[in-house]
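The values are calculated or read from the model by the stated rules, or taken from the named source; none is laboratory data. Not measured: the values here are computed from a predicted model. Cβ sites come from the backbone with ideal geometry, for glycine too, and all protein chains shown count toward neighbours. SASA here: full protein model, heavy atoms, side chains in, ligands and nucleic acids out. Shrake-Rupley method; radii C 1.70, N 1.55, O 1.52, S 1.80 Å.
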Amino acid sequence: MSPFANSERLFKIASQLMPGGVNSPVRAWGAVGLSPRLIARGEGARIYDVDGNAYLDYVGSWGPLILGHAYPEVVAAVQEAAARGTSFGASTPGEVELAEMLVRAVPGLEMVRLVSSGTEACMSALRLARGATGRARVIKFDGCYHGHADSFLVAAGSGMLTHAIPGSPGVPGEIADLTMSLPYNDLDAVARALKQHPGEVAAIFVEPVVGNMGVVPPQSGFLEGLRRLCDQEGCLLVFDEVITGFRVAWGGAQARYGIKPDLTCLGKIIGGGLPVGAYGGRRDLMAQMAPVGPIYQAGTLSGNPVAVAGGLAALKALKQAGTYESLEEKGAWLARELSAAAARQGAAVTINRVASMLTVFFTPGPVANLNDAKKADLNQFQRFFQGMLAEGVYLPCSQFEAWFVSTAHSQKDLESTVAAAERVWTGMARG
Ligand SMILES: *Cc1c(COP(=O)(O)O)cnc(C)c1O
């Protein structure tokens, strides 16, 4: 009997019930030629599938689980909150505490609003940018993902890249035409686009460190240049920090690089693994949101007390001294040693890393934008993924995603990962 019999049986049933058997496309393993494992539980850096197989996990729920799985304080906070009632449709003290924590931590946040996902955060920030500027166009970058709202599904990163979907049917051309998608790290392209449409661009949305075409750091001067161009053109700079917020630094990429955006989108880590998103920024802009101002956005479950309790517990744990230094060291060690192992085995890879997020691109590189990322050899990636999985290491099932190191990954875990990668590369070199 297959060691994955339960996963296979359940996935077959799921495929009859849900498109592709999944509730989010990246969970399907089409790009790696396998049927996905269904996960029964997680603890620390490990997850266990429904057949009892254990894996060392570098997906971390695609970013939120920077403390690892089932972090005891988060679990306890969620249990306690649930026992007090799961939703009231009225304000609760936890929301005030979380909002205060976010505003104190993130330099560009003067006011914030909680929502339930990163998609909702980005969609709402775009509406605010359009409402506040009275302009309709938006600039984004090829390979950046800002959730699945209509305006953003143009050259939109991993999920669509992995399944070779250029844009999405269902998005009216009139809406897509308002979105300009430009090469990442290319300030000249931004300047040209702004010149072509003077006074028409409401906002520039950017992942200040890209996670969604694999990890691509901003080149020196890129974020500064965007800030300058936005100021010159009177359009808003929006940092989508749904991945990078509380990941690349306590205050996000804007703290790490010292650039203040007008608006910031958050998600993932701020919910501690529960559904929380947030958008916020300048007070004069946020004051234009209902019920103070005329721009509308709402949510039945926004600021949900159970989700907020999970997020608060996670942020309190992360705030402890030394957390980000330790994550930085772990990320640096892993990237350096993987690089050395690849070189020893003659594997042509480029490893991009910022803090505890990294991607092993199967191309000699460098990788500074989507065009570079697309040069990766996807067959090599597939063999590497399958080899690592057989070694018990659970990696993102797409070349165009980030590996996430958590505080739960021990030095021993990192060492075993490098040893596994070296064995896989040795096997690949033999053909
Ligand atoms: C994940 C992600 C989103 C969307 O968040 P969801 O919670 O999946 O809706 C938006 N922007 C970035 C940068 C992301 O990584």
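Taking the Cα centre of the chain as reference, the dipole from Cβ charges on Lys and Arg (+1) and Asp and Glu (-1) amounts to some 220 debye. Using the Karplus relation 6.51 cos²θ - 1.76 cosθ + 1.60 with θ = phi - 60°, the per-residue 3J(HN,Hα) values for region 93-104 come to x, x, 4, 5, 5, 5, 4, 5, 5, 5, 5, 5 Hz, with x marking Gly and Pro. For D231 and H197, the FRET efficiency from 1/(1 + (r/R0)^6), where r spans their Cβ atoms and R0 equals 30 Å, is about 0.95.
Within the chain, what percent of beta bridges assigned by DSSP are antiparallel, to the nearest 5? Could the numbers behind the result be given before it?
Numbers: 26 of 45 bridges.
Here the antiparallel bridges make up roughly 60 percent for the chain.
Each DSSP beta bridge with both residues in region 72-318 is either parallel or antiparallel, and the antiparallel ones are about 40%.
Which length gain, in nm to one decimal place, applies between A348 and V22 when the Cα-Cα distance is subtracted from 0.36 nm times their residue separation?
Values: separation 326, 0.36 × 326 = 117.36 nm, distance 3.29 nm.
Going from the current span to full extension adds 114.1 nm.
In the chain, the calculated helix contribution to ellipticity at 222 nm averages -12000 deg cm²/dmol per residue, counting -39,500 (n - 2.57) for every DSSP H run with n ≥ 4.
Given charges of +1 on the Cβ of Lys and Arg and -1 on the Cβ of Asp and Glu, with all other atoms neutral, how large is the dipole of region 296-390 about its Cα centre, in debye to the nearest 20?
Details: 9 positive and 6 negative charges, 18 e Å.
It comes to approximately 80 debye.
Report, in whole Å, the centroid distance computed from the Cα atoms of region 232-273 and region 23-41. Each part reduced to its Cα centre gives a spacing of 29 Å. Binning at 5 angstrom from zero up to the longest distance, how are the C-alpha pair distances of region 141-270 distributed in percent? Histogram of Cα-Cα distances, whole percents per bin: 2, 11, 21, 24, 21, 14, 6, 1.
Kirkwood hydrodynamic radius of region 72-318, from the reciprocal of the average inverse Cα-Cα distance over all distinct pairs: 18.2 Å.
DSSP beta bridges in region 33-181, what fraction antiparallel, as a percent rounded to 5? Numbers along the way, then the final one.
On the way: 9 of 12 bridges.
In region 33-181, approximately 75 percent of DSSP beta bridges are antiparallel ones.
What accessible area per residue, rounded to a whole number of Å², is obtained for the chain using a probe radius of 1.4 Å?
Numbers: 17700 Å² over 431 residues.
In whole numbers, the chain has 41 Å² accessible per residue.
Here the Karplus relation 6.51 cos²θ - 1.76 cosθ + 1.60, evaluated at θ = phi - 60°, turns the backbone of region 233-249 into coupling constants of 8, x, 10, 8, 9, 10, 8, 8, 9, 4, 8, 7, x, 6, 10, 7, 5 Hz, with x for every Gly and Pro.
Computed with the Debye formula from one identical point scatterer per Cα of the chain, without solvent, the log10 of I(q)/I(0) at q = 0.13, 0.14 Å⁻¹ comes to -1.19, -1.37.
Taking the three principal axes of the alpha carbon atoms in region 249-291, the coordinate ranges are 29, 28, 9 Å, sorted in descending order. A full extension of the chain between A340 and S87 corresponds to an added length of 86.0 nm, given 0.36 nm per residue minus the alpha carbon distance. Charges were assigned to the Cβ only: +1 to each Lys and Arg, -1 to each Asp and Glu. The resulting dipole of region 72-318 about its Cα centre is roughly 220 debye.
Nonpolar atom fraction for region 55-154, defined as the carbon and sulfur part of the 1.4 Å probe accessible area, stands at 55 percent.
Protection proxy ranking of 258-264, 8-14, by the mean of other Cβ atoms within 10 Å over each peptide's residues and highest first, is 258-264, 8-14. In sequence order, region 315-324 has phi-based couplings of 5, 4, 5, 5, 6, 4, 4, x, 4, 6 Hz under the Karplus curve 6.51 cos²θ - 1.76 cosθ + 1.60, θ = phi - 60°, and Gly or Pro positions carry x. For H69, the shell of other residues with beta-carbons less than 14 Å away shows a net charge of -3, using +1 for Lys and Arg and -1 for Asp and Glu. Taking 0.36 nm per residue of sequence separation and removing the Cα-Cα distance, the T426/L378 pair yields an extension gain of 15.5 nm.
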